[in-house]
Amino acid sequence: MNNPRPKVRLSRALGIPLTPKSVTYFEARPYPPGVHGRARKQESDYKVRLREKQRLRAQYNIREAQLSNAFAKAAKAGGKTGEALLVDLERRLDALVLRAGLARTIYQARQFVVHRHILVNGRRVDRPSFRLRPGDVITVAERSRGMDAFQIAAAGGHTDAVPPYLDVRHDALAARLTRLPERREIPVICDEQLVVEHYSR
């Protein structure tokens, strides 16, 4: 079993629980780790913006280069850059596997994709960063359906609420992206304007 402590420490540093296991730890110690975790310090604007960027990275479990590239694409898209960024990240295959309740955490969702358990429109896709378009269908490969994690998913055990841009049939281990998400529907804790300001400085 994976040691939850690194994720707990990261959760406390960023001020958000990143996994179900970290929720209990986080609620018990909702302050940053370390000797000075409880102390309130004046933070610079740079540090506040940097932490918000790190929060976003952690929730999607992506590298700095991936977030930077996604930001550059969103900045060219027109409209609100922060919203465009989140909508783009939410279209990632691993993110939608998580939202559909086919995985318990973003880390598990990534693992399922990399290990080729997930199909998109009937074809195996092993890139977590693969972007889905409205109408695309995610399913679990036939040979993988007997795995304990997917049996739990089929019973609806990995999710409390499915976002409205997904049509999910847990019993069939299938989900369809019906439309692009709206910012208010994306279950990510982030002030995206601070992320925009960080990259625009």
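The values are calculated or read from the model by the stated rules, or taken from the named source; none is laboratory data. Because the structure is predicted, anything quoted here is derived from the model rather than measured. Cβ placement follows ideal geometry from the backbone for every residue including glycine, while neighbour counts extend to all protein chains displayed. Ligands, DNA and RNA are excluded from the accessible area calculation, which covers all protein heavy atoms including side chains. Shrake-Rupley method; radii C 1.70, N 1.55, O 1.52, S 1.80 Å.
Secondary-structure-derived ellipticity at 222 nm for the chain, considering helices only, amounts to -13000 deg cm²/dmol, per-run term -39500 (n - 2.57) for DSSP H runs with n ≥ 4. Placing a label point 7 Å from the Cα of residue 66 along the Cα-to-Cβ direction, the residues of region 164-187 whose backbone N falls under 20 Å from that point are 177, 181, 186-187.
Gain in length, residue 9 to residue 123, computed as 0.36 nm per residue apart minus the alpha-carbon separation, to one decimal in nm?
Answer, rounded to one decimal: 37.3 nm.
At 1.4 Å probe size, with the rest of the protein present, what percent of the exposed accessible area of the chain is carbon and sulfur atoms? Percent of accessible area from carbon and sulfur atoms in the chain: 47. In the context of the full set of protein chains, the chain has a per residue accessible area of 56 Å² (1.4 Å probe). The distance linking region 96-148 with region 161-201 is 16 Å (Cα centroid to Cα centroid, whole angstrom).
Protection proxy ranking of 182-191, 49-58, by the mean of other Cβ atoms within 10 Å over each peptide's residues and highest first, is 49-58, 182-191. Taking each of 7/80; 53/76; 7/53; 7/73 in turn, the alpha-carbon distance tops 21 angstrom for 7/80; 7/73. Remark: C-alpha extents of region 155-201 on the principal axes read 47, 22, 15 Å, sorted largest to smallest.
Once you have the Cα-Cα distance between residue 201 and residue 185, take 0.36 nm times their residue separation minus that, and quote the gain in nm to one decimal.
Working: separation 16, 0.36 × 16 = 5.76 nm, distance 2.80 nm.
Between residue 201 and residue 185, full extension yields 3.0 nm more.
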